[in-house]
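The values are calculated or read from the model by the stated rules, or taken from the named source; none is laboratory data. Because the structure is a prediction, the values reported are computed rather than measured. FYI the Cβ positions are ideal-geometry reconstructions off the backbone, even for glycines, and counts take in every protein chain you see. What goes into the accessible areas is simple: the full protein's heavy atoms, side chains included, and nothing from ligands, DNA or RNA. Shrake-Rupley method; radii C 1.70, N 1.55, O 1.52, S 1.80 Å.
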Amino acid sequence: MVRISQETTDDEPAVDAVHTAAFPSADEAELVTALRQTDAFVPSLSLVARDDGTVVGHVLCTRVRVEDDPSIRALTLAPVAVRPDEQGQGIGSSLVQTALDTAAEAGFDLVFLHGDPDFYSRFGFHPAEIRGFENPFETPPEVFMVATVGDDSDEGGPLSYPDPFDHI
């Protein structure tokens, strides 16, 4: 049975291994390591999935800033990974849902991501540009998405992501 819990410092090597196995390069593992060193890091929103005590998945949410309204408590969900031999069992979905629930419980308002609309729409994500948010990266507009997990706001505008995102 897979259980989801907050990452501990002892989990860091296993988390790096999950991201390295799940992605074609070490960029995501390096991103997680770098984000842990920023003030955008929220320890309670770095979650691992364990199967019989072994880390098989990870999701990280870090703070982002809505430039036109800094009172909006916003996050980005990135990255999320599941070991390839454990994919297709709902672990990634459980990680995403738990991250959103944890973000809501912690008082955050919005969660942004860049990802597959077919996958993430089932969690309440929709195109962020419709709400007036400016995509901070050169990605197709349909993959830049937002979900409301707390107080909703009509504010849009530019976002500031933590510096490590500029290096991937």
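Here is a yes/no grid of residues against (1) in contact (Cβ under 8 Å) with a residue 24 or more places away in the chain; (2) polar (S, T, N, Q):
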{"site": "Gly53", "(1), (2)": "no, no"}
{"site": "Arg65", "(1), (2)": "yes, no"}
{"site": "Thr76", "(1), (2)": "yes, yes"}
{"site": "Leu95", "(1), (2)": "yes, no"}
{"site": "Thr98", "(1), (2)": "yes, yes"}
{"site": "Ala106", "(1), (2)": "yes, no"}
{"site": "Val111", "(1), (2)": "yes, no"}
{"site": "His126", "(1), (2)": "no, no"}
{"site": "Thr148", "(1), (2)": "yes, yes"}
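Considering Pro84, Pro70, which residue is open to solvent by 30 Å² or more (accessible area, probe 1.4 Å) and over 20 Å from Val149 (Cβ atoms)?
None of the other options fit; the residue is Pro84.
For segment 88-123, name all the residues that are β-branched (Val, Ile, Thr) and within 22 Å of Met1 (Cβ to Cβ).
Residues satisfying the conditions are Ile91, Val96, Thr98, Thr102.
Only one of (1) within 19 Å of Ala17 (Cα to Cα); (2) in contact with a helix residue (DSSP H, G or I) (Cβ under 8 Å, 6 or more places away or on another chain); (3) small (Gly, Ala, Ser) fails for Gly88. Which number is that?
(2)
Would you pick out the residues in segment 113-160 that are closer than 14 Å to Leu77 by Cα, open to solvent by less than 30 Å² (accessible area, probe 1.4 Å) and assigned to a loop (DSSP other than H, G, I, E, B)?
Within segment 113-160, Gly115, Phe125 meet the criteria.
Go through the residues of segment 54-67 one by one and say whether even a single one is modelled with pLDDT of 95 or more, among the small types (Gly, Ala, Ser) and either in contact with a Phe, Trp or Tyr (Cβ under 7 Å, 6 or more places away or on another chain) or under 19 Å from Met145 (Cα atoms) (or both).
Scanning segment 54-67, I find no residue that is modelled with pLDDT of 95 or more, among the small types (Gly, Ala, Ser) and either in contact with a Phe, Trp or Tyr (Cβ under 7 Å, 6 or more places away or on another chain) or under 19 Å from Met145 (Cα atoms) (or both), so the answer is no.
Looking only at segment 47-69, decide whether some residue is within 20 Å of Ser5 (Cβ to Cβ), touching a Pro at 6+ places or on another chain (Cβ under 7 Å) and outside any loop (DSSP other than H, G, I, E, B).
Yes, segment 47-69 has at least one match.
If you take the residues of segment 1-16 that are out of contact with any Lys or Arg (no Cβ under 8 Å at 6 or more places or on another chain) and hydrophobic (A, V, I, L, M, F, W, C), which of them is nearest to Asp52 (Cα to Cα)?
Checked segment 1-16; the qualifying residue nearest to Asp52 (Cα to Cα) is Met1.
I need a count of the residues in segment 61-75 that are more than 12 Å from Ala40 (Cβ to Cβ) and of a type in the set (A, V, I, L, M, F, W, C).
So the answer is 2.
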